[in-house]
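Input: a single structure, listed below in structure tokens.
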């Protein structure tokens with residue numbers, strides 16, 4: 001089956017643990033994903049909030065080196081353009097897209113966006129849960145939203161056809177991004193706040209805005225975002241969030257951003273090897289194969305196919 005995932009922290013785990021992505025403890029490994037074809041995975045470098053300035057930039061550079069090494073070792077194509085994406089998909093191969101989670105990697109310097117271009121970064125999550133040079137994350141009390149530097153970064157990211165990700169943004173930052181951006185935005189790994197009431201999930205209004213601007217939203221498998229009682233979370237909660245977003249007309253908006261290797265999974269989800277089982281659950285829930293294929297692959301693919309045209 002084909003699968004496109006907008007967010008994982010596997011390369012971060014590989015870097016800090018100094019292990020190959022073949023390590024069986026990881027949610028994503030070449031062995032666990034062998035049933036997926038084509039398979040496109042966005043690999044995020046999640047920069048810890050305590051790491052700032054040049055240290056944050058250095059970690060970003062080291063993560064790219066690690067991703068490059070691992071892709072060579074395990075025959076994964078690094079995707080730097082839509083032509084790369086089209087080629088990998090046509091050949092039913094495995095592809096890796098480098099993304100950034102927490103733009104503190106810029107170290108407060110607008111010129112460092114050139115590093116994103118150099119390393120083929122396609123998506124940037126502006127903050128993590130706290131505050132950085134761009135603005136306030138989801139867990140900041142009394143958020144001030146975006147900073148003047150953050151506004152400059154948004155403009156420069158869009159000038160370079162890099163997608164802005166509002167997962168982890170505070171509500172105020174979300175609306176500031178909407179006010180200061182011209183292109184579609186994404187929430188790579190966020191669920192419905194109506195279904196599970198946590199700040200990391202999207203309100204209906206936020207989902208509506210992303211949908212109306214031709215963006216996409218990736219369903220997150222973190223048990224705390226799936227169920228208000230996380231220890232009862234299961235695969236069936238994925239359906240609840242999906243059903244809710246589909247009731248809002250999200251057929252062409254929904255995708256997956258499972259957050260593998262960056263989250264606590266429900267007991268009935270082990271990692272990337274559970275994706276086929278989740279696909280079967282969607283079929284049993286009377287979703288058409290056409291709709292399922294949109295959510296599991298096509299919506300994310302078509303979004304990146306068309307992004308530079310906006």
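Quick notes on this structure:
- Taken along the Cα-to-beta-carbon direction at a fixed 7 Å, the label points for residue 52 and residue 114 span 2.5 nm.
- Over segment 179-255, volume per residue of the alpha carbon convex hull, in Å³: 78
- Residues of segment 268-292 falling in the label zone of residue 236, defined by backbone nitrogen less than 15 Å from a point 7 Å along Cα to beta-carbon, are 268-269, 281-282, 284-286.
- Shape call, segment 3-309: gyration tensor on alpha carbons, a/c limit 1.5: rounded
- Alpha carbon centroid spacing (whole Å) that separates segment 79-110 from segment 1-68: 12
- Among 105, 177, sorting on how many other beta-carbon atoms sit within 10 Å of each Cβ, with the fewest leading, yields 177, 105.
- Per-residue packing, averaged as other Cβ atoms within 10 Å, sorts the ranges 62-73, 31-42, 162-173, 280-291 into the order 162-173, 31-42, 62-73, 280-291, beginning with the highest.
- Shape of segment 165-310 from the C-alpha gyration tensor: oblate (a/c of 1.5 or more and a/b not above b/c, with a ≥ b ≥ c the square roots of its eigenvalues).
- Nearest-0.05 FRET efficiency for residue 276 and residue 199, computed from C-beta distance (R0 35 Å): 0.65
- Three-way shape label, segment 1-51, alpha-carbon gyration tensor, a/c 1.5: oblate
- Helix-derived mean residue ellipticity, 222 nm - over the chain, DSSP H n ≥ 4, -39500 (n - 2.57), to 500: -10500 deg cm²/dmol
Bear in mind that the values in this text are calculations on the coordinates, not laboratory data. Because the structure is a prediction, the values reported are computed rather than measured. Heads up, the Cβs are rebuilt from the backbone with ideal geometry, glycines too, and the neighbour counts pull from every protein chain shown.
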